[in-house]
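Structure first, commentary second.
Bear in mind that the values in this text are calculations on the coordinates, not laboratory data. As the structure is a computational prediction, the values presented were derived from the model and not from experiment. As a convention, Cβ positions derive from the backbone with ideal geometry for all residues, glycine included, and neighbour counts pool all protein chains shown.
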Amino acid sequence: MRILRNHHPNASVVLHRGDCLPFLRSLPARSVMLVLTSPPYNVGKTYESRSDMGTYLASQRLVITELARIVHPEGSVCWQVGNHVWHGQVYPIDSLVYRDFIDSGFRLRNRVIWHFEHGLHCTTRFSGRYETVCWFTKSDEYKFYLDRIRVPQKYPGKKHYKGPKKGQFSSNPKGQNPGDVWAIPNVKHNHPEKTQHPCQFPLELAERLILALTDPGDLVCDPYMGSGTTVAAAILHKRRAAGADILGSFVEIAEKRVRQAANGKLPRRAFGRPIYAPPANTPLTTPPWDKNGKRGPQSEQ
């Protein structure tokens, strides 16, 4: 697979090292069917410098304005973000940039809650166990393929209990709409997709959005590419991909994952796999304390 570093109209994959704004400005108008990305949260990670919120939001505004230019009239933007936390106060980033998307002509279709079980353990507030994906479209005529991402019915044998269809099965045999709360494990520690990137999101999250909002051959773009999850997922499903990142080490990781995806060797958690439930009555799942919270002698060894 040939991977280019700068935009070319016939490229299958472009992985650019550098700031995302010049890269976005190099893309033709209306050329991107889906922008799927997770921008920095302004928390001082290795790939960003913490700044005051006004400066941070101004930089995001420039990017959003450019997205309005490059996104196809039938295309979408999926903006995956969490919270900015400063001195114990929580700033929901999706709410802070919402007006910029609306002012740029986008329409919010869903605010998807991505729920996961593991993360930081807080002591002065409830531990954060979700992030959001804001799905914006460029117009009211947009690509959306629900049947591709339906999930198994909870009650497939349910029947209509009244009306002209009484006694007939009421569930769609193709499955049910996944709704706007998605439980997908985040990428931590021994997750098969884990790379050196500190904040990558799972392939399944990207795949669900790519399958629902694009067709094979469409261009999927991630201006904050990181470990390359979006571009790798795009290649897995025969889409074209373009991404940028300011750190060369992350571009190298993304390139490796793209080549693995193209060769069918990308390490991953199986799509649609149920969330692991630990077995009962094991040392890890048996409380080492009594009903009064007192630990037994064995637990102290």
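What is the dipole size for the chain, taken about its Cα centre, with +1 at each Lys and Arg Cβ and -1 at each Asp and Glu Cβ, in debye to the nearest 20?
With only Lys, Arg, Asp and Glu charged at Cβ, the dipole is about 1140 debye.
For region 1-39 and region 164-191, what is the centre-to-centre distance using only Cα atoms, to the nearest Å?
Computed from Cα coordinates, the inter-centre distance equals 33 Å.
For Glu252 and Met1 in the same chain, what is the full-extension length gain: residue separation times 0.36 nm, less their Cα-Cα distance, in nm?
88.9 nm
Please report Met1, Met33, Met225, Met53 as a ranked list, fewest other C-beta atoms within 10 angstrom at the top and most at the bottom.
Met1, Met53, Met33, Met225
If we count other beta carbons within 10 Å of each Cβ, what is the order of Val151, Val81, fewest first?
Val151, Val81
Work out which GluC sites (Glu not before Pro) in the chain are exposed loop sites (DSSP not H, G, I, E or B, at most 14 other Cβ within 10 Å) and give the longest gap free of them.
The segment 142-301 is the longest one with no such site.
Taking the Cβ of each residue in Leu27, Leu96 as the centre, tally the other Cβ atoms inside 10 Å and list the residues starting with the fewest.
Listed from fewest to most nearby Cβ atoms, that is Leu96, Leu27.
I'd like the Karplus ³J(HN,Hα) series for region 183-196: coefficients 6.51, -1.76, 1.60, θ = phi - 60°, whole numbers in Hz, and an x wherever there's a Gly or Pro.
9, 9, x, 7, 8, 10, 6, 8, 4, x, 8, 4, 10, 7
With the chain treated as a Gaussian network of Cα nodes joined by springs under 10 Å, which of Lys166, Lys154, Lys291 yields the largest mean-square fluctuation?
Lys291
Using the crude model of +1 on Lys and Arg Cβ and -1 on Asp and Glu Cβ, and no other charge, please compute the dipole size for region 119-192 relative to its Cα centre, in debye to 20.
480
Tell me the relative contact order for the chain as a rounded percent, counting alpha carbon contacts under 8 Å between residues six or more apart.
20
Taking θ = phi - 60°, what integer Hz values does the Karplus form 6.51 cos²θ - 1.76 cosθ + 1.60 yield along region 214-228, in sequence order, with x for Gly and Pro?
Listing the rounded values in order: 9, 10, x, x, 5, 8, 10, 10, 10, x, 10, 5, x, 7, x Hz.
With runs of 4+ DSSP H residues as the only contributors, calculate the mean residue ellipticity of the chain at 222 nm using -39,500 (n - 2.57) per run, divided by the residue total and rounded to the nearest 500. List each step's numbers first, then the result.
On the way: 6 runs with 69 residues, N = 301.
About -7000 deg cm²/dmol.
May I ask which residue of Ser104, Ile275, Asn186 lies farthest towards the positive end of the charge dipole of the chain, with charges of +1 (Lys, Arg) and -1 (Asp, Glu) on Cβ and the Cα centre as origin?
Positive-most Cα among the choices belongs to Ile275.
Label-point separation (nm) for Gln168 and Gln89, each offset 7 Å from Cα along Cα-to-Cβ?
5.7
Just need the relative contact order of region 42-116 here, percent rounded to a whole number, with Cα pairs under 8 Å and 6+ apart. Each step should come with its number before you reach the end.
Details: 44 pairs, mean separation 20.1, N = 75.
27 percent.
About the Cα centre of region 191-301, what is the dipole size in debye to 20, counting +1 per Lys and Arg Cβ and -1 per Asp and Glu Cβ, all else neutral? All intermediate terms of the calculation are to be shown ahead of the outcome.
Details: 15 positive and 11 negative charges, 67 e Å.
Approximately 320 debye in magnitude.
If r is the Cβ-Cβ distance from Leu108 to Lys194 and R0 is 35 Å, what FRET efficiency results, to the nearest 0.05?
For Leu108 and Lys194, the calculated efficiency is 0.65.
Which helices count as membrane-span-like in the chain under these terms: full DSSP H, at least 18 Å along the axis by C-alpha, Kyte-Doolittle mean of -0.5 or more? Numbers along the way, then the final one.
Values: long enough: 53-70 (26 Å, 0.57); 248-262 (21 Å, -0.23).
For the chain, where a helix must reach 18 Å along its axis and average at least -0.5, the hits are 53-70, 248-262.
Can you list the HN-Hα couplings for region 80-90, worked out from phi with the Karplus curve (6.51, -1.76, 1.60; θ = phi - 60°), rounded to whole Hz and with x for Gly and Pro?
9, 9, x, 10, 8, 10, 9, 6, x, 9, 9
Express the relative contact order of region 1-154 as a whole percentage, based on alpha carbon pairs under 8 Å and six or more residues apart in sequence.
Numbers: 234 pairs, mean separation 32.8, N = 154.
Relative CO of region 1-154 lands at 21 percent.
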